[in-house]
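A.B. asks: Take a look at this one; I'll ask things after.
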Amino acid sequence: MRSLLFAALAVAVATPVLAQPAPVAPLVNEDVGVPVFPYDITDRPYEVLGEVKAGVRKATVFSKSPSQEKIYKELWERARKLGADAVVKAQYGDAHVSAFSWGKANATGVAVRFLSAGATPAPAGVSGSN
């Protein structure tokens, strides 16, 4: 009787844990350490949250141009505020001198949130995954 009660209790405790869907593995661009990619992700469904833009400036005329890592980290900071899991289709140009900066590189990308395996993306103005 005691073992039957113990087995029933063990099943009751384990059932909610077993019923939860497995979390989606985090995706990280190993070159820069953040989930920002210059290409589209086609191996998992996602919904588009919006376009993110960032501008990274040089400190002085003698400073090096912003690195890809610094630019991608800035894009990721802005996308994370939107609740994104990653940034896809990231692009940036060479640093250029402006009236207010010794050199500024502009970057854009698309912030996305991954969906569970059975979910379908909500309709959006920008097309999602392929």
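A.B. asks: If you scan region 46-77, which residues turn out to be over 18 Å from residue 108 (Cβ atoms) and modelled with pLDDT of 95 or more? Break it down stepwise before answering.
C.D. replies: Taking region 46-77 first, the residues over 18 Å from residue 108 (Cβ atoms) are 47, 58-64.
Scanning region 46-77 gives a single hit, 47.
A.B. asks: Just to be sure I understand, how many residues within region 83-99 are exposed (fewer than 14 other Cβ atoms within 10 Å of the Cβ) and modelled with pLDDT of 90 or more?
C.D. replies: Adding up the residues that qualify gives 2.
A.B. asks: Quickly run through region 27-72 and pick out the residues that are surrounded by 19 or more Cβ atoms within 10 Å (Cβ to Cβ), over 11 Å from the mean Cα position of the chain (by Cα) and in a helix (DSSP H, G or I).
C.D. replies: 71
A.B. asks: With the structure loaded, tell me whether residue 75 is surrounded by 19 or more Cβ atoms within 10 Å (Cβ to Cβ) and either aliphatic (A, V, I, L, M) or touching a Ser or Thr at 6+ places or on another chain (Cβ under 8 Å) (or both) or whether it fails that test. Outline the logic, then answer.
C.D. replies: Details: surrounded by 19 or more Cβ atoms within 10 Å (Cβ to Cβ): yes; either aliphatic (A, V, I, L, M) or touching a Ser or Thr at 6+ places or on another chain (Cβ under 8 Å) (or both): yes.
In short, yes.
The values are calculated or read from the model by the stated rules, or taken from the named source; none is laboratory data. Only a predicted model underlies this, so the values are computations on that prediction, with no experimental measurement involved. For neighbour counting, all protein chains shown are included, and Cβ atoms are generated from backbone atoms with ideal geometry for every residue, glycine included.
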